[in-house]
Amino acid sequence: MNSKKITPAIRTDNITYAVRDIVVLANEVAKTGKEMLYLNIGDPNLYDFKPPEHLIKATYNAMMKNMNGYAPSSGIKEAVQAIEREADRKGITNVHDIFVTTGASEAIDICLTALVNDGENVLTPTPGYPLYTAIASKLSMMENPYYLDEENGWLPDIEDIKSKINDKTKAIVLINPNNPTGSLYTMENLNAIIELALENDLVIFADEIYDKLLFDGKKHVSIASLNKDVSCITFGGLSKNYMVPGFRIGWGIVSGRKEILSDYIESINKILRARLSANHPEQYGIKISLEGDQSHLVEANKKLTKRRDITVEMLNAIPGISCVKPEGAFYAFPKLEMQQPDNHFVAELIKETGVVVVPGSGFGQEPGTHHFRVVFLPNEQILEKAYHNIGSFYQKYLEKYPEKAASS
């Protein structure tokens, strides 16, 4: 019998996903009987949010009509046309391709795969969603993070981006609203990024999956709507805005100059054809979601605004913790004034209090800084209890590790 261990591919060595990795520890703590307060997973359906009924009915009707086989590789016609009309409403012109995927995650994976060769790089936001760095590892891409400026509302640092562009840079990723910080980008910031993209022949990957979850009367601006010539892929989906992350329905909208994009679009479609199709019956929920009653968003944003306010108020009241006010999505990224690694803080927090958050190191951060991400989807009572527990624990933590704690 062959006893030699199977050696996995080197490309998997650096793949981590802090949001789910932390659950391993949380599950062990839960087995002890401790009450758990989960502020780690951005899944609205685990809390008091649910999708609009007409979305569920449209999907159910499609299944009952036996729309259960393969779909066209780029998506069913009515879905693609509905996304095109959505792009028009967002002000995105010069659109040359639209495709439906198994969540926005697959769209991002496919578009990176079709663009980047070994040793090339894509500018990724730090902090940012860890999917991008996981795909980078898989594709043997060189890491090229750029920083968001915490002192400026977590907006992209334009000067830092400029300094990171090199002859191997192929694209720049924007997550707007941002995960994990909840920041919403300004027109000035977006236009500066467009200028850099045009000067350096970069593709913009505009991840706008949270574009309808906004607070304080803020309006979202799609970066592709600001310039018809810039090469841009705008990513969206049903997961967050329409509360069906388990449906795994997302899409990409390719806009810009066709003469520049044509070969790239064909490469994307080669991969789309090779993987057959996205989930079929769920695609019948796209049109009704985008064009039907949107009242669930009014209610969702009302609840999220209240929970955002509790989050910011209570976390900023804890000595040694500061939190920039999120303007969209349902995340906050508070800063810890200490020198101990944030993954150590989070592990001890879970073991001591049962409050589950995600260490900031899982999303990237400026060297020497420490953060954690909270999801403020849970109800007010859970959030208040969790933040009270965090405050009490943090003071004990600093007392326990005084040689590690910075003066606050």
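Please go through segment 114-134 and pick out each residue that is in a strand (DSSP E or B) and aliphatic (A, V, I, L, M). Val122, Leu123 - these are the residues of segment 114-134 that are in a strand (DSSP E or B) and aliphatic (A, V, I, L, M). All told, Lys212 meets the bar of being modelled with pLDDT of 95 or more and farther than 22 Å from Ile110 by Cα. Among the residues of segment 12-51, which ones are under 22 Å from the mean Cα position of the chain (by Cα), of a type in the set (Lys, Arg) and at pLDDT 90 or above? Correct list: Lys50 only.
Looking across segment 350-405, the residues that are farther than 16 Å from Glu313 by Cα and out of contact with any helix residue (DSSP H, G or I) (no Cβ under 9 Å at 6 or more places or on another chain) come down to Pro367, Gly368, Gln395, Leu398, Glu399, Pro402, Glu403. Within segment 129-152, being at pLDDT below 95 and closer than 16 Å to Phe372 by Cα holds for Tyr129, Pro130. Apart from one condition, Asp229 fits all of (1) in a helix (DSSP H, G or I); (2) in contact with a Leu (Cβ under 9 Å, 6 or more places away or on another chain); (3) under 22 Å from Ala206 (Cα atoms); the exception is (1). Looking across segment 252-261, the residues that are part of a helix (DSSP H, G or I) and touching a residue at least 12 places away in the same chain (Cβ under 8 Å) come down to Lys258, Ile260, Leu261. Only one of the numbered conditions (1) touching a residue at least 24 places away in the same chain (Cβ under 8 Å); (2) more than 27 Å from the chain's Cα centre (by Cα) is violated by Phe99, and that is (2).
Just for segment 288-309: of the residues that are over 20 Å from the mean Cα position of the chain (by Cα) and polar (S, T, N, Q), which one is surrounded by the fewest Cβ atoms within 10 Å (Cβ to Cβ)? Here the answer is Ser295.
The values are calculated or read from the model by the stated rules, or taken from the named source; none is laboratory data. Computed from a predicted structure; not experimentally measured. Note: ideal-geometry Cβ built from the backbone for every residue, glycine included; neighbour counts use all protein chains shown.
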